[in-house]
Amino acid sequence: MLKVLIACVWLLGSAYGAMAHATSVVFLNPGTSTETFWVTYAQFMQAAAKDLGLDLRVRYSERNPDTTVAHAREALQGENRPDYLVFVNEQYIAPQILRMALGCGVKLLIVNNALTAAQLQMLDMHKDAQWIGSLVADDEQAGYLMLTDLLRSHGPVAPGESLDLLAFSGVKNTPAAQRREQGLRRALAEHPQVRLRQLVYGEWSRQRAFEQATQLFKRYPQTALVWSANDEMALGAMQALQDSGRVPGKDALFSAVNSSPGILQARLDGRLTTLVAGHFTLGGWAMVLINDDAKGVDIAAYGGRDRQQALFQLIDARQAQRLLGPMPPVDFRALSAVGKPPSYRYPFSLQLLLR
């Protein structure tokens with residue numbers, strides 16, 4: 001009888017231990033802990049992790065790549081290693097993290113800024129790293145959509161006339177900023193009536209863009225269009241225009257990327273003409289991929305190892321109002337490829353939140 005009791009206790013303990021061990025994930029968040037975009041990004045990740053039963057920890061670098069590398073070293077070489085490490089190739093830090101990951105047993109997933117072509121050529125030295133892939137949005141399309149929609153909103157330009165454009169990009173050595181610039185350049189090539197007066201690097205900062213725009217609006221008083229690679233820089237440039245006595249949305253048309261409350265309200269107020277959003281969902285979709293990989297699914301078979309999702313879309317006033325409200329629940333478990341046919345493709349889209 002005693003042997004039977006011991007066996008039952010052992011079986012119950014084993015079952016409890018199996019249930020208690022959730023797949024652990026650390027996300028190296030490159031933003032600040034007060035930065036609306038990256039906080040919202042992490043919140044969506046946490047919602048996904050909770051739904052999927054994953055144990056997610058978020059570490060903020062406060063916009064310091066050295067801090068990101070230090071957090072990576074702790075996760076990959078410390079005593080409490082996670083099952084997965086999710087990180088952003090912000091300021092090209094991916095090779096350092098890949099080197100640290102050699103032989104550590106932690107699987108890696110890159111989001112938002114994927115490896116560059118040059119970095120991909122270096123991957124042979126990291127063949128032992130358990131890199132399961134990357135998940136990014138089409139940043140080039142975001143940059144293109146912003147300018148083309150600004151021009152649609154402005155209306156036709158008389159023959160022989162032109163429109164002056166100012167552009168505010170992010171951190172220069174960040175793939176997302178570079179890709180958005182490429183989209184801007186593609187749109188400019190299609191619309192020769194637009195003159196790009198100057199492109200500056202606002203480093204994603206509202207204050208820096210405000211200071212730059214204050215000088216640029218004086219230098220180029222005929223500016224009709226303002227392209228900004230994120231919301232904070234757009235808000236800073238709008239404030240500079242207002243301080244000069246002019247009206248955003250009337251005297252100059254503005255565009256932006258992201259979906260912070262401030263920029264959504266600007267879209268509703270008409271101060272912002274063009275808004276593109278959707279990529280704050282990337283972290284949540286990454287949790288779906290990690291959940292499936294942990295369950296033995298070959299995620300590469302359902303759309304490839306390196307994924308570029310068409311997540312960006314133009315946000316109209318109705319959608320801006322929807323995004324200003326509470327974040328709607330998403331059934332992340334229903335998105336899993338577990339039990340799905342080979343033809344299944346992950347339906348990652350902002351529309352899942354706008355229904």
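Tabulated results
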item: Among residues of segment 205-224, those that are open to solvent by 70 Å² or more (accessible area, probe 1.4 Å) and under 20 Å from Gly170 (Cβ atoms), counted; result: 5
item: Filtered residues of segment 161-190 (kept if surrounded by fewer than 16 Cβ atoms within 10 Å (Cβ to Cβ), touching a residue at least 40 places away in the same chain (Cβ under 8 Å) and part of a loop (DSSP other than H, G, I, E, B)); result: Asn173
item: Evaluation of Leu235 against (1) assigned to a helix (DSSP H, G or I); (2) open to solvent by 40 Å² or more (accessible area, probe 1.4 Å) (one fails), failing number; result: (2)
item: Selected residue (criterion: nearest to the chain's Cα centre (by Cα)) from residues of segment 340-354 that are open to solvent by less than 80 Å² (accessible area, probe 1.4 Å) and farther than 20 Å from Arg318 by Cα; result: Phe348
item: Residue check, Leu272 open to solvent by 10 Å² or more (accessible area, probe 1.4 Å), modelled with pLDDT of 95 or more and not assigned by the TED database to the domain that holds Ser343; result: no
item: Pro261 being open to solvent by 40 Å² or more (accessible area, probe 1.4 Å) and free of Cβ contacts under 8 Å to residues at least 12 places away in the same chain; result: no
item: Given (1) out of contact with any strand residue (DSSP E or B) (no Cβ under 8 Å at 6 or more places or on another chain); (2) in a strand (DSSP E or B), index of the condition Phe254 fails; result: (1)
item: Qualifying residue in segment 164-176 (condition: of a type outside the set (Ser, Thr, Tyr), over 19 Å from Glu90 (Cβ atoms), at pLDDT 95 or above and in contact with an Asp or Glu (Cβ under 9 Å, 6 or more places away or on another chain)); result: yes
item: Scan of segment 310-334 for residues that are open to solvent by 30 Å² or more (accessible area, probe 1.4 Å) and either more than 27 Å from Val257 (Cα to Cα) or not in a loop (DSSP other than H, G, I, E, B) (or both), ordered by number; result: Gln313, Leu314, Ala317, Arg318, Gln321, Arg322, Leu323, Leu324, Arg333, Ala334
item: Residues that are surrounded by 22 or more Cβ atoms within 10 Å (Cβ to Cβ) and either of a type outside the set (Phe, Trp, Tyr) or without any contact (Cβ under 8 Å) to a residue 40 or more places away in the chain (or both), drawn from segment 24-37; result: Val25, Val26, Leu28, Asn29, Pro30
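The rows are residues; the columns are (1) open to solvent by less than 20 Å² (accessible area, probe 1.4 Å); (2) under 19 Å from Ala176 (Cα atoms); (3) in a helix (DSSP H, G or I); (4) at pLDDT below 95.
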| site | (1), (2), (3), (4) |
| --- | --- |
| Ala22 | no, no, no, yes |
| Gln43 | no, no, yes, no |
| Arg59 | no, no, no, no |
| Arg63 | no, yes, no, yes |
| Glu79 | no, no, no, yes |
| Leu85 | yes, no, no, no |
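The values are calculated or read from the model by the stated rules, or taken from the named source; none is laboratory data. Quick caveat: nothing in here was measured; it's all calculated off a predicted structure. Backbone-built Cβ (ideal geometry, glycine too); neighbour counts: all protein chains shown. To get the accessible areas, we keep the full protein, side chains included, count just its heavy atoms, and leave off ligands, DNA and RNA. Shrake-Rupley method; radii C 1.70, N 1.55, O 1.52, S 1.80 Å.
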